[in-house]
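Student: Encoded as structure tokens, here's the structure I'll be asking about.
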Amino acid sequence: MQPPQGAAVTDPYALLYLVSAARLDRKDSSLRLLLLSGDRFVEIALAAGGLSYQRQSFQESWPGGIRRRVGNVLVRTVRGTARAVGASETTNDVDLGFLGMRGALTLFVEVGTGIPVAFSGRAEYIGNLTVRLTRAVLVAPPRDAAAPEPSPGPPSLSPP
């Protein structure tokens, strides 16, 4: 089977990165992806939903800093439904090729950063599964990070 003409195909394990990059934390945002799962193509449609607060605890690190975030985080619920391209199986039976997940996913994306802090769905052999973020490695300090303390320099050599 071939992907639809002109369609970009991605690996299922790029899903979380692509959700973050697409900024699905914004109202009315959506994304359609074509994944290669085993030997078949799977289309997943992701749509931003409502807002809620979720209790979270995770570590953030960036060059020159680190912190632990504990508390309520404003998240947008993002629902993803999948279908196998050119197959007759129902949505619930589609293998996403991602942690054994099948059918549909619910992601919780932090508003303002786009970081997926949790996702849930159904995994083959396990049943319902929820995965929570424990650590995020950032390329730059978050906007709300405290400025680092100035380090004391060498003592002044000039006379008083």
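Student: Can you compute the helix-only [θ] at 222 nm over the chain? Use -39500 (n - 2.57) per DSSP H run of at least 4 residues, normalise by all residues, nearest 500 deg cm²/dmol.
Tutor: After summing the helix terms and dividing by residue count, I get -1000 deg cm²/dmol.
Student: If you filter segment 94-131 for chymotrypsin sites (Phe, Trp or Tyr not before Pro), then keep DSSP loop positions with at most 16 other Cβ within 10 Å, what is left?
Tutor: Tyr125
Student: Related question: Relative contact order for the chain: what is it in percent, counting Cα pairs under 8 Å that are at least 6 residues apart?
Tutor: Worked out over the chain, it gives 20 percent.
Student: Another question about this same structure. Work out, step by step, the length gained on full extension between Arg67 and Arg55: first 0.36 nm times the residue separation, then minus their alpha carbon distance; give nm to one decimal.
Tutor: Extra length available between Arg67 and Arg55 comes to 2.7 nm.
Student: What translational D, rounded to a whole number of µm²/s, comes out for segment 9-137 from Stokes-Einstein when the hydrodynamic radius is the Kirkwood one over Cα pairs, at 25 °C and 0.890 mPa s?
Tutor: Taking Rh from Cα pairs, D becomes 162 µm²/s.
Student: Which distance in nm do the two modelled labels at Arg132 and Asp39 give, with both placed 7 Å along the Cα-to-Cβ direction?
Tutor: It works out to 4.0 nm between the two label points.
Student: Compute the longest continuous run of the chain that contains no exposed GluC sites (Glu not before Pro); treat a site as exposed when its DSSP state is not H, G, I, E or B and it has at most 14 other Cβ atoms within 10 Å.
Tutor: Segment 1-88 is the longest.
A short reminder: the numbers here are calculations on the coordinates, not readings from a lab. Not measured: the values here are computed from a predicted model. Don't worry about glycine lacking a Cβ; one is built from the backbone with ideal geometry, like all the others, and counts go over all protein chains shown.
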